[in-house]
Amino acid sequence: MRVFIELAYDGTNYHGWQRQPEAITVQQAIEQAFEKLCGEPCPVLGCGRTDAGVHASYFVAHANLPESANSRFDSLDQLCFKLNGVLNGDIAVFSIQEVGEKAHARFDAKERSYTYWIHTQKDPFLDGHSARVFGDLNLDQMQKAAQLLVFKGDFAAFCKTGSDVKTTICDVRKVEVERQGHRIKIVVEADRFLRNMVRAVVGTLTIVGKGKMSLNEFQSVIDSCDRSKAGKSAPACGLYLARVDYPIEVFTPKSL
């Protein structure tokens, strides 16, 4: 049976989502938990990759449950409960539900949304979960620059150099920048994202907010398709994968 696993994680102690030879990752932690419960390996594939230190308030992975799951658990809800009991506190599984046998957590996703958090005052409760920016930021200019990013086209200027991608074309459908007290929330929605894309966008928007880049210059960065023209990537700690949308036909009634 193929299932979708809905989860969230604090990425602080992990070297990203995807398995690494000599580093602990979220994928590894979940696969180890499944194997402990089911008594045999259960590979898990995620809806995408997150870099070291990046978080997910919502993430989807898929797996083919081994036959042993049928005899060990009465329902997928029970499996979910047991899985949470095995995993560390920085990973939480919300649900496990049956999907079509060809459903794919990554390739079937039709839209994703990331949230990036910035704070401009020292706050001990945000350390590791939001990026500290020193000095004032011009929110109005950042909002105007953000709207220049809403289009379908080439986002190579915000793609990590050397990334192995067939195309740098993305359909960015929304970029919002809003202030919440001494915090700034940036939301980016698109059909797909390039590696390091949101952090590069935020790093460049921050330069605009500090008055060191005009709107015309920001547009020139986009048009250049040159990563070296954009700003430095914002810290990983402020980034969260927040939403992944799928067509309704991907799902089938839940059973075990």
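The values are calculated or read from the model by the stated rules, or taken from the named source; none is laboratory data. Just so it is clear, the structure is predicted and the values come from calculations on it, not from any experiment. Cβ sites come from the backbone with ideal geometry, for glycine too, and all protein chains shown count toward neighbours.
Here are some notes:
- Within segment 75-93, the set of residues being farther than 14 Å from C38 by Cβ, out of contact with any helix residue (DSSP H, G or I) (no Cβ under 8 Å at 6 or more places or on another chain) and not small (G, A, S) comprises D77, F81, N84.
- Qualifying residue in segment 118-130 (condition: surrounded by fewer than 16 Cβ atoms within 10 Å (Cβ to Cβ), in a strand (DSSP E or B), touching a strand residue (DSSP E or B) at 6+ places or on another chain (Cβ under 7 Å) and in the same structural domain as D171 (by TED's automatic domain parsing)): no
- Scope segment 189-207; condition in contact with a Leu (Cβ under 7 Å, 6 or more places away or on another chain) and hydrophobic (A, V, I, L, M, F, W, C); matching residues: V198, V201
- Scope segment 150-174; condition surrounded by fewer than 21 Cβ atoms within 10 Å (Cβ to Cβ) and touching a helix residue (DSSP H, G or I) at 6+ places or on another chain (Cβ under 6 Å); matching residues: T161, T168
- Taking segment 1-101 and the helices (runs of 4 or more DSSP H) fully enclosed by it, the elements with 1 or more residues that are at pLDDT 95 or above and surrounded by fewer than 17 Cβ atoms within 10 Å (Cβ to Cβ) are at 26-38, 76-86.
- Residue that is surrounded by the most Cβ atoms within 10 Å (Cβ to Cβ) [pool: residues in segment 219-247 that are within 21 Å of the chain's Cα centre (by Cα) and assigned to a helix (DSSP H, G or I)]: G238
- Any hit, segment 187-202, residues being of a type in the set (D, E, K, R) and in contact with a Phe, Trp or Tyr (Cβ under 6 Å, 6 or more places away or on another chain): no
- Residue in segment 175-214 that is nearest to L126 (Cα to Cα), counting only those that are surrounded by fewer than 22 Cβ atoms within 10 Å (Cβ to Cβ), in contact (Cβ under 8 Å) with a residue 60 or more places away in the chain and of a type in the set (K, R): R183
- Residues (touching a residue at least 40 places away in the same chain (Cβ under 8 Å) and either closer than 12 Å to A236 by Cα or among the hydroxyl-bearing types (S, T, Y) (or both)) located in segment 15-28: none
- If the condition is being over 16 Å from Y58 (Cβ atoms) and either in contact (Cβ under 8 Å) with a residue 40 or more places away in the chain or surrounded by 20 or more Cβ atoms within 10 Å (Cβ to Cβ) (or both), then segment 103-114 contributes A103, H104.
- Search result, residues across segment 58-67 that are within 11 Å of the chain's Cα centre (by Cα) and closer than 15 Å to Y14 by Cβ: F59
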